[in-house]
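The values are calculated or read from the model by the stated rules, or taken from the named source; none is laboratory data. Note that the structure is a prediction, hence the values are computed from the model and not measured. Side chains included, ligands, DNA and RNA excluded: accessible areas come from the protein's heavy atoms. Shrake-Rupley method; radii C 1.70, N 1.55, O 1.52, S 1.80 Å.
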Amino acid sequence: IAKDVPQDYLIINKGSKDGLKIGLPVITQQRVLVGKIGEVYDNFSKIQLITSKDSSFDAKIVEKDSNPPTALPSEAQAPIYGLAKGKGSFKLSLDFVPKEKEIKTADIVVTAVLGGIFPQGLLVGEIQSIKKSDIAPFQTAEVRPAFEVKDLDFLFIIKNFESFEK
């Protein structure tokens, strides 16, 4: 029902009376991760977008053309993991990617099961650019989120999934 652009939040017309609680994942019908419930009131909630500066979660890189997506470059090689971090202003990065791992622009980023914050395999976005340094042990990638805020008419809240947090 509203958006708070500077804070990377959306406001929806569902709240605690609808069974919502803080931390529930929010997606589009195409299984694109938008964010999670950040605040809950009786009749409305604030969604913290994945691009919020307060957002971070485990993610992995998958091949663009595989269906279902598999680890790069083949099933035999270990998946490439990183930490997706919101930068604010609808920007997102993938940090702590080991320098020796080969990643490229247009690779797809999905949620990983490691952190237990989100269900595994939700689409996050596409790698736009890669920053690599000879002296740093990790590389960083800028990720274009797979959703456009202006196109978000309907959202889905996952009210029940197996989390690894106890």
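Spread over its residues, the convex hull of the C-alpha atoms of region 85-166 is 125 Å³ per residue.
The residues Glu126, Glu100, Glu148, sorted by heavy-atom accessible surface at 1.4 Å with ligands and nucleic acids left out, run Glu100, Glu148, Glu126 from largest to smallest.
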